[in-house]
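Peer 1: Have a look at this one.
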Amino acid sequence: MNSISCATITYPLHRIRFSTVRCVSQVSLPLNVNNNNIHHSIPNPFVPQVVEAVDSLYSEFRAVDNLVACNTTRVLKAFQNAHVGSHHFGGCTGYGHDEAGGREALDQVFAEIVGAESAIVRSQFFSGTHAITCALFALLRPGDELLAVAGAPYDTLEEVIGKRDSGGLGSLQDFGVKYREVPLAEDGGLDWNALMVAVKPETKCALIQRSCGYSWRQSLSVSDIGKAIKIIKMQNPGCLVMVDNCYGEFVESIEPPMVGADLIAGSLIKNPGGTIAPCGGYVAGRKKWVEAAAARLSAPGLGVDCGATPGDIMRAFFQGLFLSPQMVGEAIKGSLLIAEVLASEGYKVQPLPRVPRSDTVQAVQLGSRKRLLAFCEAVQRSSPVGSYTKPVAGTTPGYASEVIFADGTFIDGSTSELSCDGPLREPFAVFCQGGTHWTQWGLVLAEVLKSIDGI
């Protein structure tokens, strides 16, 4: 039997406990294999800048592993409490009325994981923007006011709100919803003093965007979100708080509903899809408002018990959700590595190296259009899918500026897989995210450094 030797005690491999094993000193091998030859025959695949960064990030990577274990414990408990079984992976067709319980079980699991009363997790949400839009239209009525408390929202929400003309296609402002913003403070965080007096009696909903989006600002911790919610409710207890949770799921050990958010929404081809969900999104929070969001997704009266989901997709939803803490952990490690390497090369990064993360996005100011294009081209060349293609900047539905995307991903547009993108505007920042393992970013950075050197 293969065994691992720790100090003077030998443990069978199938009985190892992490709390017991503190080091690996020897693994038994076939007699004709030389341990030293195996150890020295593996070349180091990383460039010196990456090697140095990895060595310096040991304690940060260890902290991420602890976070993954904590979140995996919560996810596993939710699966067990819902009695998830293989029959839940069967899916359904047509109206979805003959569904075998998977839809209900998935909603229950997701709600428990994020600390919400209720949730809808559906393939019919085709993006995070779509899920957020359903949530906003569920909460707001003509004459109400929407207040964005973290500065300008993400580009794709501008036409949803009416901040940018939607051409009369039905923005919130088209339906008589008023809109205001609380600008960010000079340090890029929430302006707490301004927020203290920002909420009015007619403010029906406060929108908090957890991630930085395409802004050069700090992403918000769940603790900061909780503090903001208290300030908002203090001024107007009836004001509902909606959190755009994209890129934030599983980055901390708690989620916004646990600190008072009325609704959260996001995409399954980001964090909670675990890199394998092929589509979909979610809304979670207070039951009344989750049902209202479901009515915007479908129609009033249809409720949450409708809509077809093929079995292969349903299984991927469950499996992706279970894998999410691990995949998010690898993305966090990748972001730490990007920050460490690019900061050492003299680039401005957000977040700064070795600081706690609040989302999976790592931004890097590149300073020129040419350098931004070169960065994204290098990432595309280093991807497993479409490495032979060259990304081209252009107009994209929902975005005001030209945008370039590098996403050689198995799921189209997946940002839980390794990818990067950025708007072609000052300060020409690239926004990096995802990765199924941090070593993927370690390899990609070699091509990136070579490509932007000297530009």
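Peer 1: Give Glu330, Glu291 a once-over and let me know the one that is in contact (Cβ under 8 Å) with a residue 60 or more places away in the chain, acidic (Asp, Glu) and in contact with a strand residue (DSSP E or B) (Cβ under 8 Å, 6 or more places away or on another chain).
Peer 2: After applying the criteria, what remains is Glu291.
Peer 1: Another one. Output the residue which, of all residues in region 387-403 that are among the small types (Gly, Ala, Ser) and under 23 Å from the mean Cα position of the chain (by Cα), is most open to solvent (accessible area, probe 1.4 Å). Spell out how you get there, then give the answer.
Peer 2: Step one: filter region 387-403 for residues among the small types (Gly, Ala, Ser), giving 387, 393-394, 398, 400-401.
Add one more test, that the residue is under 23 Å from the mean Cα position of the chain (by Cα), and what stays is 398, 400-401.
Working: Gly398: 23, Ala400: 65, Ser401: 25 Å².
Only one residue fits best here, namely Ala400.
Peer 1: Another question, if that's okay. Is it the case, given these coordinates, that Gly273 is small (Gly, Ala, Ser), under 17 Å from Pro153 (Cα atoms) and in contact with a strand residue (DSSP E or B) (Cβ under 8 Å, 6 or more places away or on another chain)?
Peer 2: For Gly273, the condition - small (Gly, Ala, Ser), under 17 Å from Pro153 (Cα atoms) and in contact with a strand residue (DSSP E or B) (Cβ under 8 Å, 6 or more places away or on another chain) - is not met.
Peer 1: Can I ask one more? If you go through region 167-177 one residue at a time, how many are more than 18 Å from Ala135 (Cβ to Cβ) and within 29 Å of the chain's Cα centre (by Cα)? If you could, list the steps in order and put the result at the bottom.
Peer 2: Initial filter on region 167-177 (more than 18 Å from Ala135 (Cβ to Cβ)): 167-169, 176.
Next, from what is left, pick out any that are within 29 Å of the chain's Cα centre (by Cα): 169.
The number of residues fulfilling the criteria is 1.
Peer 1: If I ask for residues that are in contact (Cβ under 8 Å) with a residue 24 or more places away in the chain and either in a helix (DSSP H, G or I) or of a type in the set (A, V, I, L, M, F, W, C) (or both), which ones from region 78-103 would you list? Talk me through it step by step, then tell me what you get.
Peer 2: Of all residues in region 78-103, those in contact (Cβ under 8 Å) with a residue 24 or more places away in the chain come to 78-79, 81-82, 84, 88-97, 99, 102-103.
Within region 78-103, Ala78, Phe79, Asn81, Ala82, Val84, His88, Phe89, Cys92, Gly102, Arg103 meet the criteria.
Peer 1: Restricting attention to region 168-179, does a residue exist that is assigned to a loop (DSSP other than H, G, I, E, B), closer than 30 Å to Val75 by Cβ and in contact (Cβ under 8 Å) with a residue 12 or more places away in the chain? If you could, list the steps in order and put the result at the bottom.
Peer 2: Residues of region 168-179 that are assigned to a loop (DSSP other than H, G, I, E, B), as a first pass: 168-172, 176-177.
Those left that are additionally closer than 30 Å to Val75 by Cβ: none.
No: region 168-179 contains no residue that is assigned to a loop (DSSP other than H, G, I, E, B), closer than 30 Å to Val75 by Cβ and in contact (Cβ under 8 Å) with a residue 12 or more places away in the chain.
Peer 1: Within region 121-167, restricting attention to residues that are of a type in the set (D, E, K, R) and outside any loop (DSSP other than H, G, I, E, B), which residue is farthest from Arg217 (Cα to Cα)?
Peer 2: Step one: of region 121-167, the residues of a type in the set (D, E, K, R) are 122, 141, 144-145, 155, 158-159, 163-165.
Retained after the next criterion (residues that are outside any loop (DSSP other than H, G, I, E, B)): 122, 145, 155, 158-159.
Numbers: Arg122: 31, Glu145: 25, Asp155: 15, Glu158: 18, Glu159: 22 Å.
Among them, the one singled out is Arg122.
Peer 1: Here's another thing I want to ask about it. Kindly establish whether Gly285 is more than 13 Å from Ser416 (Cβ to Cβ) and open to solvent by 10 Å² or more (accessible area, probe 1.4 Å).
Peer 2: The answer is no for Gly285.
Peer 1: Let me ask something else. Between Met196, Met242, which is open to solvent by 10 Å² or more (accessible area, probe 1.4 Å), at pLDDT 95 or above and of a type in the set (A, V, I, L, M)? Steps first, please.
Peer 2: On the way: Met242 fails: open to solvent by 10 Å² or more (accessible area, probe 1.4 Å).
Within the list Met196, Met242, the selection yields Met196.
Peer 1: So, Ala265, is that one part of a loop (DSSP other than H, G, I, E, B), in contact with a strand residue (DSSP E or B) (Cβ under 8 Å, 6 or more places away or on another chain) and either in contact (Cβ under 8 Å) with a residue 60 or more places away in the chain or crowded, with 24+ Cβ neighbours inside 10 Å (or both) or not? Before you say what the answer is, go through the steps one by one.
Peer 2: Working: part of a loop (DSSP other than H, G, I, E, B): no; in contact with a strand residue (DSSP E or B) (Cβ under 8 Å, 6 or more places away or on another chain): yes; either in contact (Cβ under 8 Å) with a residue 60 or more places away in the chain or crowded, with 24+ Cβ neighbours inside 10 Å (or both): yes.
The answer is no for Ala265.
Peer 1: Same structure again: Within region 428-455, restricting attention to residues that are among the β-branched types (Val, Ile, Thr) and open to solvent by 40 Å² or more (accessible area, probe 1.4 Å), which residue is nearest to Glu52 (Cα to Cα)?
Peer 2: Within region 428-455, the subset among the β-branched types (Val, Ile, Thr) is 430, 436, 439, 444, 448, 452, 455.
Then keep just the ones that are open to solvent by 40 Å² or more (accessible area, probe 1.4 Å); that gives 436, 439, 455.
Details: Thr436: 22, Thr439: 14, Ile455: 24 Å.
Among those residues, the one meeting the criterion is Thr439.
Peer 1: I would also like to ask the following. Could you check region 339-352 and list, in sequence order, the residues that are open to solvent by less than 40 Å² (accessible area, probe 1.4 Å) and in contact with a helix residue (DSSP H, G or I) (Cβ under 7 Å, 6 or more places away or on another chain)?
Peer 2: Glu340, Val341, Val349, Pro351
Peer 1: Is it the case that Val290 is within 19 Å of Gly96 (Cβ to Cβ), buried (at least 16 other Cβ atoms within 10 Å of the Cβ) and of a type in the set (A, V, I, L, M)?
Peer 2: Values: within 19 Å of Gly96 (Cβ to Cβ): yes; buried (at least 16 other Cβ atoms within 10 Å of the Cβ): yes; of a type in the set (A, V, I, L, M): yes.
Judged against the criteria, Val290 is a match.
Peer 1: Could you check region 49-77 and list, in sequence order, the residues that are open to solvent by less than 20 Å² (accessible area, probe 1.4 Å) and without any contact (Cβ under 8 Å) to a residue 12 or more places away in the chain?
Peer 2: Hits for region 49-77: nothing passes.
Peer 1: Quick check on my filter: what residues within region 141-163 are farther than 17 Å from His130 by Cβ and surrounded by 21 or more Cβ atoms within 10 Å (Cβ to Cβ)?
Peer 2: Leu146, Leu147, Ala148, Val149, Ala150
Peer 1: Now, a different point. In region 199-225, what count of residues is obtained for those that are open to solvent by 10 Å² or more (accessible area, probe 1.4 Å) and more than 28 Å from Leu424 (Cβ to Cβ)?
Peer 2: Total meeting the criteria: 8.
Peer 1: Could I ask something else about it? Give the residue that is nearest to Phe79 (Cα to Cα), with candidates limited to residues of region 97-139 that are out of contact with any strand residue (DSSP E or B) (no Cβ under 9 Å at 6 or more places or on another chain) and open to solvent by less than 30 Å² (accessible area, probe 1.4 Å).
Peer 2: Ala105
Peer 1: Can you confirm whether region 362-379 contains a residue that is within 22 Å of the chain's Cα centre (by Cα), farther than 15 Å from Val341 by Cα and either surrounded by fewer than 21 Cβ atoms within 10 Å (Cβ to Cβ) or charged (D, E, K, R) (or both)?
Peer 2: There is no residue in region 362-379 that is within 22 Å of the chain's Cα centre (by Cα), farther than 15 Å from Val341 by Cα and either surrounded by fewer than 21 Cβ atoms within 10 Å (Cβ to Cβ) or charged (D, E, K, R) (or both).
Peer 1: Take Ile254 and tell me if it is in a helix (DSSP H, G or I), of a type in the set (Val, Ile, Thr) and touching a residue at least 24 places away in the same chain (Cβ under 8 Å).
Peer 2: Numbers: in a helix (DSSP H, G or I): no; of a type in the set (Val, Ile, Thr): yes; touching a residue at least 24 places away in the same chain (Cβ under 8 Å): yes.
Considered against the rule, which asks whether it is in a helix (DSSP H, G or I), of a type in the set (Val, Ile, Thr) and touching a residue at least 24 places away in the same chain (Cβ under 8 Å), Ile254 comes out as no.
Peer 1: In this structure, does Phe175 turn out to be surrounded by fewer than 15 Cβ atoms within 10 Å (Cβ to Cβ), modelled with pLDDT of 95 or more and either in contact with a Lys or Arg (Cβ under 8 Å, 6 or more places away or on another chain) or under 24 Å from Ala293 (Cβ atoms) (or both)?
Peer 2: Working: surrounded by fewer than 15 Cβ atoms within 10 Å (Cβ to Cβ): yes; modelled with pLDDT of 95 or more: yes; either in contact with a Lys or Arg (Cβ under 8 Å, 6 or more places away or on another chain) or under 24 Å from Ala293 (Cβ atoms) (or both): yes.
Taking the combined requirement at face value, the residue satisfies it.
Peer 1: So which strands (runs of 3 or more DSSP E) stay within region 358-455 end to end and still have 1 or more residues that are of a type outside the set (A, V, I, L, M, F, W, C)?
Peer 2: On the way: elements: 362-365, 403-406, 419-423, 429-433.
Here the list reads 362-365, 419-423, 429-433.
The values are calculated or read from the model by the stated rules, or taken from the named source; none is laboratory data. Please read these numbers as outputs of a predicted model, since none were measured by experiment. Cβ: placed from backbone, ideal geometry, glycine included. Neighbour counts: every protein chain shown. Each accessible area value is taken on the protein alone, full model and side chains, heavy atoms only, with ligands, DNA and RNA left out. Shrake-Rupley method; radii C 1.70, N 1.55, O 1.52, S 1.80 Å.
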